[in-house]
1. In this structure, is residue 107 under 19 Å from the mean Cα position of the chain (by Cα), assigned to a loop (DSSP other than H, G, I, E, B) and surrounded by 18 or more Cβ atoms within 10 Å (Cβ to Cβ)?
2. Of (1) under 30 Å from residue 189 (Cα atoms); (2) out of contact with any Leu (no Cβ under 7 Å at 6 or more places or on another chain); (3) polar (S, T, N, Q), residue 146 satisfies all except one. Which?
3. What do you reckon, is residue 22 surrounded by 15 or more Cβ atoms within 10 Å (Cβ to Cβ) and at pLDDT below 95?
4. Return the pairs, sorted by first residue and then second, in which the second residue is surrounded by fewer than 18 Cβ atoms within 10 Å (Cβ to Cβ) and among the hydrophobic types (A, V, I, L, M, F, W, C), the first residue lies in the stretch 347-361 and is within 13 Å of residue 392 (Cα to Cα), the beta carbons are less than 7 Å apart, and the residues are 6+ apart or on different chains.
5. If you take the residues in the stretch 237-287 that are among the basic types (Lys, Arg) and in contact (Cβ under 8 Å) with a residue 40 or more places away in the chain, which one is farthest from residue 209 (Cα to Cα)?
6. Taking the stretch 179-214 on its own, how many of its residues are touching a strand residue (DSSP E or B) at 6+ places or on another chain (Cβ under 6 Å), under 17 Å from residue 272 (Cα atoms) and assigned to a loop (DSSP other than H, G, I, E, B)?
7. Determine which single condition residue 240 fails, assuming it passes every other condition in (1) crowded, with 19+ Cβ neighbours inside 10 Å; (2) over 20 Å from residue 333 (Cβ atoms); (3) touching a strand residue (DSSP E or B) at 6+ places or on another chain (Cβ under 7 Å).
8. Out of (1) hydrophobic (A, V, I, L, M, F, W, C); (2) within 20 Å of residue 162 (Cα to Cα); (3) over 22 Å from the mean Cα position of the chain (by Cα), the odd one out for residue 291 is which?
Amino acid sequence: MTLRRRPLLAWLAAAGAGRAAAAASADLRQIVAAGPASLAALTAGGELWTLPARGTSGRRLGDGLDPATPPTAAYGRLAARRRDGALWVHEAGRVTTSPPASLAPEAGLLVLPAGIIGIAAAGGSHRVVRFDPSGAGWERVAISDQAVLPDARPLQADLDGRGDGGHLVLLGGPDGDRYRHGVLGDAVEATRVLLLERHGLTPMRELAIDAPQVIEDIAPHRVALDGRDGLLTVLSGPQGGQLALIDADPARPRALRVAARGDALGTPHRWMAPASDGRHHWLAVHTPHLAGTLHAYRREGERLIGRAVDDDVANHRLGSRRLDTSAWLGPRLLMPARSGHRLHWLDGAAGWRRLDTVELPARVADLVALAGAGCVAALLDDGSLRWIDAPS
C-alpha cells in the first residue's frame, strides 16, 4: 500500500503556555499515542493517520477501519479493528491483516512484543484471542476458555513480580442482572478478575467477586507496588462504588485478592472513576456525572483512605467506554471540568493545586499525553484536535 502524506490539520497559532494550540479539520473519533512524540488518529470514515506533535501534516496509513474501536500502539506496531472484524496491523511501513475474524467492536487490543491480544465473539460469549504473525498476515493461535466482558480492555501486568513482563489481566464473568446500572455503555458488569498466561491464554490466577457486588469497570489501572504490579478498580453494590486495590494473593498461588478498599459512596448506583499515574498517585473522581469531586487516596494496610482535593472535575461521561479522560505529564494532571468545555491543570507535587485552566471551543472527548513532546492532544466532540502545552 502506498503511504500518502498530505495536510490533515488546519493549525492555529498558540495562545500561550498551557493554552489550546491547534484545531483539526478532520472528523476524528479515536486518538492514541503512537510514540513519545507522535499521535495516531482514526477518523469517522475509518482512515488512520499519524501526526507529529504540533506538526502541520499527517501521514495516512490505511482505511476501512472501525471508528468505534480504539486502536493501540506498541513495539513499533499500530493495531486496529477492520470493519469486517479482522485484525489490521501497520508495522515498518507495511500493512498486514488477519483473515476476516470476529473481533468485538469497542473492545480493546493489546500489542505484545511477539503477538497481539484481542477480544472475539465465540459460541455465544466473548473470549480472549491471541494472533501471531504468519506468512504475510496474522493467524489466531490461541483462544481462552474463560468468558470476558464483550468490551474488555486487556492489559499486561506483572502481578507476581517475576520481572518477565507480566501476563494478561482481563475482567470476566460477565453478568447483566446482578447490578443494573449501565454507566459504562451497557448493563453487563464483570464478576471476575482473570490473569491469563500471555501465550496459551491459560488461567494463572483469578478472583471471583461475591454477590451482590460487581466490578464496575472495563479497564483496571495498573499501579506499581513493592517489586510487582497491582490493579486499581471499582467495586459496586448496594452501597455504591468503592475504590479497590487487587493484587496476587501470597497465600494462594492461583488466587488474586482484594488487598485494600476505600469507603463506599453509600448509595446504590453512585460510581467513581479512578485515575492514576501508575506510580505515586491513586485518585478517583467521586460521582463524575453529578458532583465531580476529586479524591486522592493513600493505603493504610487493608484500607484506602481518601480525601477530597478538588471539585468541578469529571474524567468520565455517562454511557462512555472512555473510563479515564485525563492525562499526566510528570506529576501534573490535566482533567476536564464537569462541563467538558474547560480543562484544569493540577499539580500532584503541590497538594493538587490548580495551575491553570484551558478554555475549549467544544466539549472534550479524550486526552492523550505525549511525554516526549511535553504536550497533551485533546480530541473534541466536533472531531477536531487541540494541542495543550503544560503551564510554565
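1. Judged against the criteria, residue 107 is a match.
2. Result: residue 146 fails condition (2) only.
3. Details: surrounded by 15 or more Cβ atoms within 10 Å (Cβ to Cβ): yes; at pLDDT below 95: yes.
Spelling it out, residue 22 is indeed surrounded by 15 or more Cβ atoms within 10 Å (Cβ to Cβ) and at pLDDT below 95.
4. 347/355
5. Step by step, filter the stretch 237-287, then rank; the result is 279.
6. 2
7. Among (1) crowded, with 19+ Cβ neighbours inside 10 Å; (2) over 20 Å from residue 333 (Cβ atoms); (3) touching a strand residue (DSSP E or B) at 6+ places or on another chain (Cβ under 7 Å), the lone unmet condition for residue 240 is (3).
8. Condition (2) is where residue 291 drops out.
The values are calculated or read from the model by the stated rules, or taken from the named source; none is laboratory data. Small disclaimer: the values here were computed from a predicted structure and weren't measured. Counting neighbours? That spans all protein chains shown, and the Cβs are built from the backbone with ideal geometry, glycine included.
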